[in-house]
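For reference, the structure discussed in these notes is given below.
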Amino acid sequence: MNTLLDVQDVTLRFGGVVALNRVSLQVAWGNITAIIGPNGAGKTTLFNCITGFYKPQNGHIILTPPNRSATHLHHLLGQSFAWSDLVHPGQVWGKLRAKMFGGPHSVCRAGIARTFQNIRLFKEMTVLENLLVAQYRQLNRYFIGGLLGTRYFRDEESMAINRAMEWLRFFALEADANRLAGQLPYGHQRRVEMARSLCTDPMVLCLDEPAAGLNPMETQALSQLIRRLKNEFNLTILLIEHDIGLVMELSDHIVVLDHGEVIAQGRPADIQRNPRVVEAYLG
Amino acid sequence: MGHPLLTQPLLTAILVLLLTAPVSGLVLDGYDFNLRWHPPLWLTLIAFCIHWMILLFKRWRFGEKTGKPSPWTRISSWGSRPSVHRLAFFVLPVVGLVLPFFLGKYGLTVAILALIYVLLALGLNIVVGLAGLLDLGFVAFYAVGAYGYALGHHYLGLGFWLSLPLGALLAACCGIVLGFPVLRMHGDYLAIVTLGFGEIIRLVLNNWMDFTGGPNGVRVDFPTFFGLEFSRHAKEGGIPIHEFLGIDYSSNTRNIFIYLVLFLVVLLILALVSRLKTMPLGRAWEALREDEIACRSLGINHVTVKLSAFALGAMIGGIGGVFFAASQGFVNPTSFTFFESALILAIVVLGGLGSIPGVMIAAVVLTVLPEMLRDFSDYRILVFGLAMVVMMIWRPQGLVRARRPVFQGRKG
């Protein structure tokens, strides 16, 4: 198994509340991994740790793309300086840089994209603009070139529009390209958000309850789309979902969280028979 | 050739040359000036090399960008009646350029004031309308620009033309200084801090007697045009412009000159701001206004994006300030009270947040209307308040709603 994302012993406390307690899990490259558990188990908190919105007090989160060196995601959020830095002055620069310019955006640049449980689209912008914003990093941001409208600037803009339109086509949203994102029906908004996060060109896609609020038909279509993302684009997908049917059908690996701890992980068939999981969640 | 690895540094170099040449290349020697070629050329070369090396590093680190161009293009953001907009696009500049020659002295003063408010509104529109950062102390940057010119002239003998870029730069720096502590703030809290910042600047200007002259203010010299002065009798060795052109002296000439320069600057800023709206940076500002967390999840560094909005908005405010000082010939702190901030904010909100034409119309209306209503001057603020209330009920989105760019597949 080729581990792409390795979460080791992550602990996160909010004051006295232990939201995550020594959570460890591995996400294999090209797999769909589902995280399930009752409400308040810490699923979204774990997502926020992985995508850099929360900084765990303990533990490591390591992204190891195939054929490339590993990135310690928690380093990107900035660490405190220590006396050992005096021995390794080379680290100081990296730490300083992460402290000044680090944050969730650096995690995204490392290759992890996410969607949100409560949809967070740029509502007053068109769908296409939403997708263009996501390509901020890939675009030519040379100020003078943009002001003068140089050919190079226009070319990159055009490529970005092309990428955006390809993802819109994939999600069957082409007709909505020029509509305001906030005016779309709920199911479309969910898909726009997925398309937008895919525009950042990620390796790992984290979907936070993508099927929430969708009818059975839409859920079925979504399940096919997620499968296609895995098969056609070799994406590694991390999924939080309460729709057990969808989870069992899609996922290669399931992690069950309860009260901030991993109570079980394994293949769908094993999880379904696990007595602890049945007691805590499946019922 | 269109290779970005060379053209981009070249454009940077040209910009650096344009900006630094007047500062470092001209040495005043009495009423003459000598040209020095070396310093600006060196600076230009250094800028070229640095930018070139950054691009090389980026290519080495991230590789070359690839992708197919799209058959989809932005058709316009002009909305449903492009012909009306196109007409305005060509007619307004001409009207604006011809206008000062038909206005009296009073009319010119009002027109200059209106244009200054257009500048201020365009600047605040970036901060509040596009980036969604509620700024109640925008007048601070206006003051920085005005005092930058006045004090620069008083202490360093800087002229108008040098003060224009320097005042803009100074105001932009102040924008960044304000931006840093408020990076984590939103809405009400941000408004309070910016309000405080505006008051701090005013109080410093008011109380630092030794440096700023306090409430007595500072006198500012009027601008010159390539060394030609606009006064009746030039200083020793100088030539007044009416003698140079062979026309009769008129006190209007100076105001016409300021108006024309200001008008060109407004056109330039207008072009800049409307380009920005379709550039990645402008889109990032708007995205930041809509949802900051989503922005960060998409790899956009909210710190740099926010600071750039503050800096660019402040820069435009600073330019407005320089023109204010130049047209008044005198600055003192009473011109930079909170009421000014509130007025500029009202202009932006009334015009329509983020809408450039709306903001411009509102700026002109809100400066010209009070002048026309001089007879009712006791009730001016009352009328102003009523207008605000009526607008908020009737058109809460402002005079002109900001339009979104529309993209369309190429036909055929």
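The values are calculated or read from the model by the stated rules, or taken from the named source; none is laboratory data. Everything numeric here is computed off the predicted structure, so don't read it as measured data. Reconstructed Cβ throughout: ideal geometry from the backbone, glycine too, with neighbour counts over all protein chains shown.
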Check your understanding: Pick from segment A:127-147 the residues that are more than 7 Å from chain B (Cβ to nearest Cβ) and part of a helix (DSSP H, G or I): which of them is farthest from A:E218 (Cα to Cα)?
Key -> A:F143
Practice item. Filter segment A:202-236 down to the residues that are touching a helix residue (DSSP H, G or I) at 6+ places or on another chain (Cβ under 7 Å) and of a type in the set (D, E), then identify the one that is farthest from A:G111 (Cα to Cα). Key: A:E218
Revision key, fill the gap. Of (1) among the β-branched types (V, I, T); (2) in a helix (DSSP H, G or I); (3) surrounded by fewer than 19 Cβ atoms within 10 Å (Cβ to Cβ); (4) in contact with a helix residue (DSSP H, G or I) (Cβ under 7 Å, 6 or more places away or on another chain), A:V278 satisfies every one except (4)
Check your understanding: Consider A:N178 against the criteria (1) out of contact with any Lys or Arg (no Cβ under 7 Å at 6 or more places or on another chain); (2) closer than 26 Å to A:I50 by Cα; (3) within 12 Å of chain B (Cβ to nearest Cβ): it satisfies all of them except one. Which criterion is unmet?
Key -> (2)
Point to revise | Within segment A:184-206, considering residues that are touching a Lys or Arg at 6+ places or on another chain (Cβ under 8 Å) and more than 17 Å from B:A284 (Cα to Cα), the one farthest from the other protein chains (Cβ to nearest Cβ) | key: A:L205
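Only one residue in B:L169, B:L178, B:L156, B:L134 is farther than 17 Å from B:V273 by Cβ and free of Cβ contacts under 8 Å to residues at least 24 places away in the same chain, so which one is that?
The conditions single out B:L156.
When you go through A:V204, A:V277 one by one, which is the residue that is farther than 27 Å from A:N67 by Cα, among the aliphatic types (A, V, I, L, M) and touching a strand residue (DSSP E or B) at 6+ places or on another chain (Cβ under 9 Å)?
Numbers: A:V204 fails: farther than 27 Å from A:N67 by Cα.
Sole residue among the options that is farther than 27 Å from A:N67 by Cα, among the aliphatic types (A, V, I, L, M) and touching a strand residue (DSSP E or B) at 6+ places or on another chain (Cβ under 9 Å): A:V277.
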Exercise for review: Inspect all residues belonging to segment A:158-166 and state whether any of them is more than 7 Å from every other protein chain (Cβ to nearest Cβ), surrounded by 15 or more Cβ atoms within 10 Å (Cβ to Cβ), within 18 Å of B:G299 (Cα to Cα) and at pLDDT 90 or above.
Suggested key: yes
Check your understanding: Quick one: which of B:S327, B:S308, B:S377 is part of a helix (DSSP H, G or I), more than 14 Å from every other protein chain (Cβ to nearest Cβ) and out of contact with any Ser or Thr (no Cβ under 8 Å at 6 or more places or on another chain)?
Key -> B:S377
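Can you name every residue in segment A:75-107 that is more than 14 Å from chain B (Cβ to nearest Cβ) and not in a helix (DSSP H, G or I)?
Filtering segment A:75-107 for residues more than 14 Å from chain B (Cβ to nearest Cβ) gives A:75, A:79-96.
Scanning segment A:75-107 gives A:Q79, A:S80, A:F81, A:A82, A:V87, A:H88.
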Point to revise | Flag if B:T44 is out of contact with any strand residue (DSSP E or B) (no Cβ under 6 Å at 6 or more places or on another chain), modelled with pLDDT of 80 or more and away from chain A (no Cβ under 11 Å) | key: yes
Study note, to complete from the structure: Here the residues within segment A:128-148 that are under 20 Å from the mean Cα position of the chain (by Cα) and not basic (K, R) are A:N130, A:L131, A:L132, A:V133, A:A134, A:Q135, A:Y136, A:Q138
Review point. What pairs come up if the first residue lies in segment B:253-272 and is in the same structural domain as B:F230 (by TED's automatic domain parsing), the second is charged (D, E, K, R), and their beta carbons are under 8 Å apart, counting only those six or more places apart or on different chains?
Key: B:N255/B:K105
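Output yes when any residue across segment B:282-294 is part of a loop (DSSP other than H, G, I, E, B) and in contact with a helix residue (DSSP H, G or I) (Cβ under 8 Å, 6 or more places away or on another chain), and no when none is.
Within segment B:282-294, not a single residue is part of a loop (DSSP other than H, G, I, E, B) and in contact with a helix residue (DSSP H, G or I) (Cβ under 8 Å, 6 or more places away or on another chain).
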